[in-house]
Amino acid sequence: MLWQRVVTALVLLPLILGAIFFLPGDGFALAMAVAVLVAGREWAAMAKLCRYTFPVLLVIGMAGVWVLGQLGVAVGQPLLGAAVAGWLLALVLVVRYPAGAGWMHRRALMYLAGLLLLVPAWHAVVQLQAITVQVAGMELRGLVLLGAFVIVW
């Protein structure tokens, strides 16, 4: 099992680094949307949701956020607020477990929970990749995102 994880990491690391440093903003957003769709399929399987409906909702959510951003609408703060509200609700449910576990059998709430997890995460990763940093007189994008990934890894 550990060997599979190491091999997967060795294969994915160059792809991730290449995407972070060499893809333009929209290309990176699209590449991360694919990764989020893979995560969405996993969420749908774990939550026993329709394996086609949830990814479609994810695409609609990410496309909506992207289109609003392209139109100049500030989506970051409302999206962050929705994500924080979702995480606070999750905290309450964890603290109340097992009494609060009944919500897991309500499909609509599982769809909403997945969207509140994945769409803001996608938006955050895309925004972090867009931040440019001055290094030795050059502007580099992706260093802030790489730093976040290194902390998590």
Q.
Looking only at the range 1-25, how many residues end up being within 16 Å of LEU145 (Cα to Cα), free of Cβ contacts under 8 Å to residues at least 40 places away in the same chain and either small (Gly, Ala, Ser) or open to solvent by 90 Å² or more (accessible area, probe 1.4 Å) (or both)?
A. 4
Q. Residue check: is GLY86 more than 19 Å from the chain's Cα centre (by Cα), assigned to a helix (DSSP H, G or I) and not polar (S, T, N, Q)?
A. no
Q: Go through the range 125-140 and give me each residue that's open to solvent by 80 Å² or more (accessible area, probe 1.4 Å) and either at pLDDT below 80 or closer than 23 Å to GLY64 by Cβ (or both).
A: GLN127
(Q) Please go through the range 48-62 and give me each residue that is open to solvent by less than 50 Å² (accessible area, probe 1.4 Å), among the hydrophobic types (A, V, I, L, M, F, W, C) and part of a helix (DSSP H, G or I), ordered by number. (A) PHE54, LEU58, MET62
Q. Considering the range 125-153 alone, what residues qualify as being hydrophobic (A, V, I, L, M, F, W, C), assigned to a helix (DSSP H, G or I) and in contact (Cβ under 8 Å) with a residue 40 or more places away in the chain?
A. VAL125, VAL126, ALA130, LEU145, LEU146, PHE149
Q. If you go through the range 77-86, how many residues are farther than 13 Å from LEU112 by Cβ and surrounded by 15 or more Cβ atoms within 10 Å (Cβ to Cβ)?
A. 1
Q: Output the residue which, of all residues in the range 87-124 that are in contact (Cβ under 8 Å) with a residue 24 or more places away in the chain and not hydrophobic (A, V, I, L, M, F, W, C), is surrounded by the fewest Cβ atoms within 10 Å (Cβ to Cβ).
A: ARG107
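The values are calculated or read from the model by the stated rules, or taken from the named source; none is laboratory data. Everything numeric here is computed off the predicted structure, so don't read it as measured data. In this analysis, Cβ positions are derived from the backbone assuming ideal geometry, glycine residues included, and neighbour counts consider all displayed protein chains. Calculation scope for accessible area: heavy atoms of the full protein, side chains included, ligands and nucleic acids excluded. Shrake-Rupley method; radii C 1.70, N 1.55, O 1.52, S 1.80 Å.
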